[in-house]
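Report on the structure given below.
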Amino acid sequence: MRKFVFSLGKVAIGAAMLATLPSAMATVLNFDDLPDGVVTANYGGLDWSTAGWIAFSTPAAPYTAKSGDGRITNEFLGSDAASLIRFGAAGQTARFDGAYFAGLGGALLSFELLLNGQVVATSATLDPSATPTFLASGYAGLIDAVRIKSQNHGEFVMDDFSFTQAVPEPQSYALLLAGLMVVARVARRKSAA
């Protein structure tokens, strides 16, 4: 009986320690660390490979950066389908906050938020100007990809792309630890019998 109480004490201590771990932290990609040119396919842990995203840092009105000098744009006269950004490898999900946009009026921007290839939400629409303006996703659920929709691709820039990778909550780790301890206890009992 003492061993069982001791094991439960270990589980309680482990669960308490796991509960203090931070859950997911927000990531903001400001593109200031990119050289001018094509955005690499796995920049910031995301998959940018379906689009011709281009980074640049030279000041050019109305393509104003929100922070620093770096910002990105996609191919001139590109398509919505080519602007897809995936949140890492297959199966990875995130909560997408939004991004800042600046550019020529009339580009009319919005986000399509996808999970498993299906659109789960669409943001409001933003008409960009020389003043960087935040376009919120307007969706609190998990997604695995975001598509930038625009009437005029290549006539806007994006900066401060904000998201939070989904990670298991500390309570999930504590439950897993408790389950493993129970399995270990049962295995010890069977081997002792």
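The values are calculated or read from the model by the stated rules, or taken from the named source; none is laboratory data. Quick caveat, the model's predicted, so the values are computed rather than measured. Here the Cβ positions follow ideal geometry from the backbone for every residue, glycine too, while neighbour counts run over all protein chains shown. SASA here: full protein model, heavy atoms, side chains in, ligands and nucleic acids out. Shrake-Rupley method; radii C 1.70, N 1.55, O 1.52, S 1.80 Å.
At q = 0.14, 0.24, 0.25 Å⁻¹, what log₁₀ I(q)/I(0) does segment 28-130 have when each alpha carbon counts as one equal point scatterer in the Debye sum?
Each listed q maps to, in turn, -0.57, -1.68, -1.74.
Using the Cβ atoms and a cut-off under 12 Å, what net charge is assigned to the surroundings of Ala90, where Lys and Arg are +1 and Asp and Glu are -1?
Here the count lands on -1.
Please get the size of the charge dipole for segment 75-165, origin at its Cα centre, with Cβ charges of +1 on Lys and Arg and -1 on Asp and Glu, quoted in debye to the nearest 20.
Result for segment 75-165 is approximately 220 debye, rounded to the nearest 20.
Just the accessible area per residue of segment 65-163, please: how many Å² with a 1.4 Å probe?
Values: 4030 Å² over 99 residues.
For segment 65-163, the per-residue accessible area is 41 Å².
Whenever you get a sec, compute what percent of the accessible area on segment 26-121 sits on carbon and sulfur atoms (1.4 Å probe).
That fraction is 55 percent.
Quote the FRET efficiency, to the nearest 0.05, computed for Ser129 versus Gln92 with a Förster distance R0 of 41 Å and r equal to the Cβ-Cβ distance.
Given R0 = 41 Å and the Cβ-Cβ separation, E is 0.75.
Ranking request for peptides 30-40, 141-151: highest mean number of other beta-carbon atoms within 10 Å first, then the rest in descending order.
Ranked by mean Cβ neighbours within 10 Å, highest first: 141-151, 30-40.
Starting from 0.36 nm per residue, how many nanometres of slack lie between Ser79 and Ala26 once their C-alpha separation is accounted for?
Contour length minus Cα-Cα distance gives 16.2 nm.
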